[in-house]
Amino acid sequence: MEKKIKITVRNLSKSYDGTPVLQNVSFTADNSRPLCIMAPSGAGKTTLVSIIMGLEKADDGCISGTEGKRFSTVFQEDRLCEDLSAFMNVAVADEKVDSDVVRRLLLKSGLLQEDIYRPVKELSGGQRRRVAIVRALASDSDILVFDEPFKGLDEETLKNTVKLVQENVKGRLLLVITHDAGLPGRLGADVFSL
């Protein structure tokens with residue numbers, strides 16, 4: 001039986017130099033369904049998940065359920081090691097990851113066999129995006145945080161990549177930051193609007 005993962009955000013507030021970014025934000029999320037956090041650009045979505053992951057501190061409010069949890073993330077930027085291959089970019093993120101799993105996920109993402117072993121600086125933007133997604137999926141984590149994960153993907157690649165994500169969430173809690181109104185339906189996700 002899969003373990004329950006649930007986080008609760010209560011009355012979270014954050015300001016920068018006196019300018020409020022988040023005000024009294026509250027929601028719960030668990031691993032029964034993905035959660036899409038939706039708002040226009042600049043509304044504080046990335047700040048919110050940075051606080052959830054412990055990368056920033058809130059001014060007020062609290063978060064429960066993240067204690068002892070391991071996160072893996074797809075940032076807005078790919079954050080790949082340019083001179084390493086796609087394979088190595090995924091493998092170095094978690095020393096326990098199985099190399100056969102890495103290869104399988106990269107191939108399922110639509111990369112060709114020869115692309116897997118090329119330096120990522122030689123790959124297209126869409127290929128690099130998929131490497132970043134596979135890196136997060138392959139790591140041993142409890143909570144996946146995807147910040148605008150599918151940007152720049154064409155329709156067919158988007159469909160295949162969403163399917164890959166759905167097949168590999170494996171009982172983890174998935175938080176997706178997006179302003180794409182169609183994404184929650186594709187992912188079968190609940191929505192929290194900031």
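Numerical summary
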| quantity | calculated |
| --- | --- |
| So V134, is it of a type in the set (V, I, T), under 19 Å from K163 (Cβ atoms) and surrounded by 21 or more Cβ atoms within 10 Å (Cβ to Cβ) | yes |
| Residue pairs meeting the criteria (Cβ under 7 Å; at least 6 apart or on separate chains; first under 20 Å from S193 (Cβ atoms), in region 3-22; second among the aromatic types (F, W, Y) and at pLDDT 95 or above) | V9/F27 |
| From the options L106, L123, residue that is on the phi < 0 side of the Ramachandran plot, open to solvent by less than 10 Å² (accessible area, probe 1.4 Å) and at pLDDT 95 or above | L106 |
| Residues of region 41-87 classified as part of a loop (DSSP other than H, G, I, E, B) and aliphatic (A, V, I, L, M), total | 6 |
| Residue within region 155-175 that is assigned to a loop (DSSP other than H, G, I, E, B), over 21 Å from S99 (Cα atoms) and without any contact (Cβ under 8 Å) to a residue 60 or more places away in the chain present | no |
| Residue within region 142-152 that is open to solvent by 30 Å² or more (accessible area, probe 1.4 Å), of a type outside the set (D, E, K, R) and part of a helix (DSSP H, G or I) present | no |
| Matching residues, region 24-43, being surrounded by fewer than 20 Cβ atoms within 10 Å (Cβ to Cβ) and either under 20 Å from S72 (Cα atoms) or at pLDDT 95 or above (or both) | N24, S26, F27, T28, D30, S32, R33 |
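The values are calculated or read from the model by the stated rules, or taken from the named source; none is laboratory data. Small disclaimer: the values here were computed from a predicted structure and weren't measured. Neighbour counts are summed over all protein chains in view; Cβ atoms, including those assigned to glycine, are modelled from backbone coordinates with ideal geometry. These area figures cover heavy atoms from the full protein model, side chains too; ligands, DNA and RNA do not enter into them. Shrake-Rupley method; radii C 1.70, N 1.55, O 1.52, S 1.80 Å.
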